[in-house]
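In what follows, a structure is listed as structure tokens, so that the remarks can point back to it.
The values are calculated or read from the model by the stated rules, or taken from the named source; none is laboratory data. Quick caveat: nothing in here was measured; it's all calculated off a predicted structure. Here Cβ is always computed from backbone atoms with ideal geometry, including for glycine, and neighbour counts include all displayed protein chains.
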Amino acid sequence: MSRRVHVIGPYNTGTNLIHNIIKKCKCIDLLNDSRLIIGDIHEPFDKHTINIDTIKEYVKDSNNLLIIMYKNPYNWLYSMKKKSYNAKYTKLYLPVELYKKTFPNMIELYNFYYTSYLELLKTYSNVIFLNYARIINIKNSYEYTNNVFKKINITIPFKNEYLLE
């Protein structure tokens, strides 16, 4: 049986980057020596969702793997200032609306994502965090990513396929 992997995170945290790495590198499921099925538009939830209950339902099935992307708050705020996607706000310190939910400011939105994600990480063994800054550090990106992937029994078999573009 093939396991599914879904990549989530707030906007601007590298969800597309790691999704593309997994597809390009033909990641291997170490439990049954098969390729992973990577989530796409047909997944039960959006990769930037704030509906944590939906994500919990997904990860209750141990065949579903969840990769959570994160970025430090300073870099994330800068990225959101440049391109906010569906987050509606006027100033970083004023209320922000995302998916019809209002947060007091951008930091509270950030805190909501990450406290929810930490709960998932502590509760489920099929959930990992990946640090965007460590992935784009070309010097040890492959080693870092593979090391974290091993926690959910997946690997990127060939370093030459991994090279970031």
Query raised in the report: Has segment 64-85 got at least one residue that is free of Cβ contacts under 8 Å to residues at least 12 places away in the same chain, polar (S, T, N, Q) and farther than 26 Å from Glu161 by Cα?
Result: no
Report task. For Ile18, state whether it is closer than 21 Å to Thr155 by Cβ, assigned to a helix (DSSP H, G or I) and out of contact with any Phe, Trp or Tyr (no Cβ under 7 Å at 6 or more places or on another chain). Result -> yes
Report summary line: Restricted to segment 50-75 and to residues being touching a strand residue (DSSP E or B) at 6+ places or on another chain (Cβ under 7 Å) and part of a loop (DSSP other than H, G, I, E, B), the residue modelled with the lowest pLDDT is Asn63
Report summary line: Here the residues within segment 83-115 that are in a helix (DSSP H, G or I) and crowded, with 17+ Cβ neighbours inside 10 Å are Met106, Leu109, Tyr110, Tyr113, Tyr114
Query raised in the report: Going by the structure shown, is Lys47 basic (Lys, Arg) and either more than 18 Å from Tyr132 (Cα to Cα) or without any contact (Cβ under 8 Å) to a residue 24 or more places away in the chain (or both)?
Result: no
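Mind checking whether some residue in segment 125-134 is of a type outside the set (A, V, I, L, M, F, W, C), under 17 Å from the mean Cα position of the chain (by Cα), assigned to a helix (DSSP H, G or I) and closer than 20 Å to Val5 by Cβ?
yes
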Query raised in the report: Name the residues in segment 121-165 that are of a type in the set (Ser, Thr, Tyr) and more than 19 Å from Leu65 (Cα to Cα), would you?
Result: Ser141, Tyr142, Tyr162
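In segment 135-165, which residues are assigned to a loop (DSSP other than H, G, I, E, B) and of a type outside the set (S, T, N, Q)?
Once the filter is applied, which keeps residues that are assigned to a loop (DSSP other than H, G, I, E, B) and of a type outside the set (S, T, N, Q), segment 135-165 yields Ile136, Ile138, Lys139, Ile156, Pro157, Phe158, Leu163, Leu164, Glu165.
So, Leu118, is that one free of Cβ contacts under 8 Å to residues at least 60 places away in the same chain and more than 14 Å from the chain's Cα centre (by Cα) or not?
no
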Query raised in the report: Can you spot a residue in segment 106-121 that is modelled with pLDDT under 95, farther than 19 Å from His6 by Cα and acidic (Asp, Glu)?
Result: no
